[in-house]
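Here the structure comes first, spelled out in structure tokens, and everything after it is commentary.
The values are calculated or read from the model by the stated rules, or taken from the named source; none is laboratory data. As the structure is a computational prediction, the values presented were derived from the model and not from experiment. In this analysis, Cβ positions are derived from the backbone assuming ideal geometry, glycine residues included, and neighbour counts consider all displayed protein chains. Side chains included, ligands, DNA and RNA excluded: accessible areas come from the protein's heavy atoms. Shrake-Rupley method; radii C 1.70, N 1.55, O 1.52, S 1.80 Å.
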Amino acid sequence: MPLSQQSAADQERLPLREPAAADLARAAARAAGDLLAPPAPVRLGDVVPAPEQVHPDPAADYLLTPDAVIRVGTEPAALAVAEHLAALLRPATGYPLPVTDTARPEPAGGIALVLADDDTLGPEGYRLDVAPTGVRIAAAGPAGLLHGVQTLRQLLPAAIESRTPVTERWAVPGGSITDRPRFAYRGAMLDVARHFFGVEDVLRVIDHLSRYKLNHLHLHLTDDQGWRIAVDSWPRLATVGGVGEVGDGPGGHYTKADYQRIVAYAAERHITVVPEIDLPGHTNAALVAYPELAAAGIVPTPYTGTEVGFSYVDPASERTYDFVADVLAEVAAMTPGPWLHIGGDEAFKVKGEAYTGFVERAQRIVAGLGKTVVGWHQFAPAGHADGRVLQWWGTDADDPATADAVRRGARLLLSPANHAYLDMKYAPDTPIGHDWAGLIDLRRSYEWNPGAHVTSVPEAAVLGVEAPLWTESVTSLPEVEFMLFPRLPALAELAWSPRTTHDWDRFRDRLAGHGPRWTAAGITFHRSPEVSWPADAPVPAGTAVPAGTPLAIPAQPGPDDAPATAPSA
């Protein structure tokens, strides 16, 4: 029976609870701090990608304090997100931030993560509410909770990215955000075939994608210069084909354990790995390992240059299809996501019916493995396979063949080379990169509309956006980051945010505040002259910056990195 309905006598028998002295002291300190402290240094609307709805409340700022607790439901996936949040916030704050599971999580002076029955948010949307009493993030699924966590991370001062404790007032601006993605597929591609990147480098790239709510990592695992994934049934692919890279470096490959570690790390961040085995062209490394896959009269030799279009597996040989079936089966078995990317680009010496026949047979192999086929838009003329996705990388939006494939049921993944290719130079004096698709400064990467980019393709047929980074001239993790930032957040906003929120001037103003965050996190980035970057605080001691790495590569001519004579897909 509620206390209000008990008899007076019963109420008299109840012991009165006096507030503990420590509780009173904390409440008094918080009240005094709220009266004297300035507003939160970050505005609620400063998030990238731009949220769908933002409702600031300047009177409702929340101050994260040393006694804060992260409360979450008992679902294992939600608990994992809560632990991830704690791991993000503990280093800079120095606070313990214990994670407590409870049937009904509420902020109560801390942060609550709640899985809520709300169909309007979809599987990746979230609602974030900030009040003086705490922060509440609600979502229909764990991916939405994680996206809400990344938003909360951006609402704290930039020093939250430090890997060592910082003296800071950890204020979060008050109000509410309701947010969900525009497109289901939002991703980036890393070419590990032209130059090989080890597991730790790939994991760091995954963290960069998660930071900006991207949910797919496409790995270009095979090409003329190197085969980067172990295949038990064809072992020389890795041990022979994996040796070498552009510029005569040592190359390398991922063992199955390496690949599974990448896949698991991505899955913890609700990112799906999309493996690409490029076929029937871009196969010189495979031919070096197994010359019997080449057409009669061809003697393959290792290749470390950047030309394209010269290599291919023999489309008339049954041995080729044994190879394709074996390789795709092993890769599919290691990949829990729905996609298998089979390339299909720049097979200049496999033409007409030989090409379309190969693609159609490869598509059937993928379907037989229970996966959905993805390929570069060159295989648009081939017969349709249920659910197939064409990754469009053209520079001329008037593409009748692709539009026809869409009419036959294909969906498009948008990667226009003159807007989304992250290996293009920012400016003529950018020290690395190419310019065959044009120079892509920050504004050019931002100012296009994926939903209406390809002529005669409606937005309903667009699965999403992907930003590829080819690595003919990119040789190290700092160079990868330099090409990703600041363009990756621009493309993430196009993929996540409603079209009505896209505004160049507002975007660059919001993005400016991320420069100090990247500095604190040890991320190499290009200081685009289009953005008024604030002065950065010194990098805190202990920040994980690769030895000898500048925080921004100077915009001056570098080595003479000649671009490929034909574009890579």
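Here's the yes/no breakdown for (1) among the aliphatic types (A, V, I, L, M); (2) crowded, with 22+ Cβ neighbours inside 10 Å:
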| position | (1), (2) |
| --- | --- |
| E459 | no, no |
| F482 | no, yes |
| P489 | no, yes |
| D509 | no, no |
| A512 | yes, no |
| P529 | no, no |
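Restricting to region 79-128, give me the number of residues that are over 19 Å from S210 (Cβ atoms) and under 22 Å from the mean Cα position of the chain (by Cα).
Summing the residues that are over 19 Å from S210 (Cβ atoms) and under 22 Å from the mean Cα position of the chain (by Cα) in region 79-128 gives 1.
Condition check: out of contact with any Phe, Trp or Tyr (no Cβ under 8 Å at 6 or more places or on another chain), farther than 23 Å from H341 by Cβ and charged (D, E, K, R). Does D429 satisfy that? Please lay out each step first, then the result.
Values: out of contact with any Phe, Trp or Tyr (no Cβ under 8 Å at 6 or more places or on another chain): yes; farther than 23 Å from H341 by Cβ: yes; charged (D, E, K, R): yes.
It is true that D429 is out of contact with any Phe, Trp or Tyr (no Cβ under 8 Å at 6 or more places or on another chain), farther than 23 Å from H341 by Cβ and charged (D, E, K, R).
How many residues does region 364-409 contain that are hydrophobic (A, V, I, L, M, F, W, C), part of a loop (DSSP other than H, G, I, E, B), open to solvent by less than 50 Å² (accessible area, probe 1.4 Å) and over 16 Å from P450 (Cα atoms)?
Matching residues across region 364-409 total 3.
Is there any pair with a first residue in region 455-470 that is within 20 Å of E493 (Cα to Cα) and a second that is of a type in the set (D, E) whose Cβ atoms are under 7 Å apart and which are 6 or more apart or on different chains, and what are they?
Sorted first by the residue in region 455-470, then by its partner, the pairs are L469/D191; L469/D423.
Considering each residue of region 168-198, count those that are among the charged types (D, E, K, R) and over 25 Å from the mean Cα position of the chain (by Cα), and give that number.
Selection size over region 168-198: 2.
More than 23 Å from the chain's Cα centre (by Cα), under 30 Å from V246 (Cα atoms) and not in a helix (DSSP H, G or I): is that true of D429 in this structure?
When the stated conditions are applied, D429 passes them.
So how many residues does region 473-494 have that are more than 16 Å from R444 (Cβ to Cβ) and under 19 Å from the mean Cα position of the chain (by Cα)?
8
Got a number for residues in region 379-390 being under 25 Å from the mean Cα position of the chain (by Cα) and within 10 Å of T402 (Cα to Cα)?
Count: 1.
Output the residue which, of all residues in region 285-304 that are in contact (Cβ under 8 Å) with a residue 40 or more places away in the chain and open to solvent by 10 Å² or more (accessible area, probe 1.4 Å), is farthest from E346 (Cα to Cα).
Y290
Just to check your reading of the model, which residue among P132, P181, P173 is within 23 Å of T501 (Cα to Cα) and open to solvent by 30 Å² or more (accessible area, probe 1.4 Å)?
P181
Grab the strands (runs of 3 or more DSSP E) fully contained in region 150-225, keeping just those with 1 or more residues being in contact with a His (Cβ under 7 Å, 6 or more places away or on another chain) and either modelled with pLDDT under 95 or among the hydrophobic types (A, V, I, L, M, F, W, C) (or both).
Per the criteria, 185-191.
Which of the residues spanning region 230-264 are open to solvent by less than 50 Å² (accessible area, probe 1.4 Å), assigned to a helix (DSSP H, G or I) and hydroxyl-bearing (S, T, Y)?
Of everything in region 230-264, just one residue is open to solvent by less than 50 Å² (accessible area, probe 1.4 Å), assigned to a helix (DSSP H, G or I) and hydroxyl-bearing (S, T, Y), namely Y259.
What are the residues in region 361-390 that are without any contact (Cβ under 8 Å) to a residue 40 or more places away in the chain and of a type in the set (A, V, I, L, M, F, W, C), if any?
V366, A367, V373, F379, A380, A382, A385, L390 - these are the residues of region 361-390 that are without any contact (Cβ under 8 Å) to a residue 40 or more places away in the chain and of a type in the set (A, V, I, L, M, F, W, C).
Considering only region 345-363, I want to know if a residue exists there that is surrounded by 20 or more Cβ atoms within 10 Å (Cβ to Cβ) and acidic (D, E).
As a first pass, look at region 345-363 and keep what is surrounded by 20 or more Cβ atoms within 10 Å (Cβ to Cβ): 345-347, 350, 355, 358-359, 362-363.
Filter again for acidic (D, E), leaving 345-346.
Among the residues of region 345-363, at least one is surrounded by 20 or more Cβ atoms within 10 Å (Cβ to Cβ) and acidic (D, E), which makes the answer yes.
Of the conditions (1) open to solvent by 20 Å² or more (accessible area, probe 1.4 Å); (2) over 23 Å from L145 (Cα atoms); (3) in contact (Cβ under 8 Å) with a residue 40 or more places away in the chain; (4) among the β-branched types (V, I, T), T272 fails just one. Which one is it?
Unmet condition: (2).
Quick one: D119 ticks every box in (1) touching an Asp or Glu at 6+ places or on another chain (Cβ under 9 Å); (2) free of Cβ contacts under 8 Å to residues at least 40 places away in the same chain bar one, so which box is it?
(1)
Which is open to solvent by 10 Å² or more (accessible area, probe 1.4 Å) and of a type in the set (G, A, S), of A437, A467? If you could, list the steps in order and put the result at the bottom.
Working: A467 fails: open to solvent by 10 Å² or more (accessible area, probe 1.4 Å).
A437 is the lone residue from the list that is open to solvent by 10 Å² or more (accessible area, probe 1.4 Å) and of a type in the set (G, A, S).
Taking the conditions exactly as written (at pLDDT 95 or above and touching a helix residue (DSSP H, G or I) at 6+ places or on another chain (Cβ under 6 Å)), does L488 satisfy them or not?
Taking the combined requirement at face value, the residue does not satisfy it.
For region 113-160: of the residues being basic (K, R) and in contact with a helix residue (DSSP H, G or I) (Cβ under 9 Å, 6 or more places away or on another chain), which is farthest from L85 (Cα to Cα)?
The residue in question is R127.
Take the residues of region 239-280 that are aliphatic (A, V, I, L, M) and under 26 Å from D314 (Cα atoms): which is farthest from the chain's Cα centre (by Cα)? Steps first, please.
From region 239-280, those aliphatic (A, V, I, L, M) are 240, 243, 246, 257, 262-264, 266-267, 271, 273-274, 277, 279; that's our starting set.
When the remaining residues are screened for being under 26 Å from D314 (Cα atoms), the result is 240, 243, 246, 274, 277, 279.
Values: V240: 31, V243: 28, V246: 25, V274: 12, I277: 20, L279: 25 Å.
Of everything passing the filter in region 239-280, V240 is farthest from the chain's Cα centre (by Cα).
Being farther than 19 Å from E75 by Cβ and of a type in the set (G, A, S) is the filter; apply it to region 135-170 and report the residue that is surrounded by the fewest Cβ atoms within 10 Å (Cβ to Cβ).
Top of the filtered list is A159.
If W504 meets every condition in (1) over 21 Å from H208 (Cβ atoms); (2) within 22 Å of the chain's Cα centre (by Cα); (3) at pLDDT below 95 apart from one, which number is that one?
Condition (3) is where W504 drops out.
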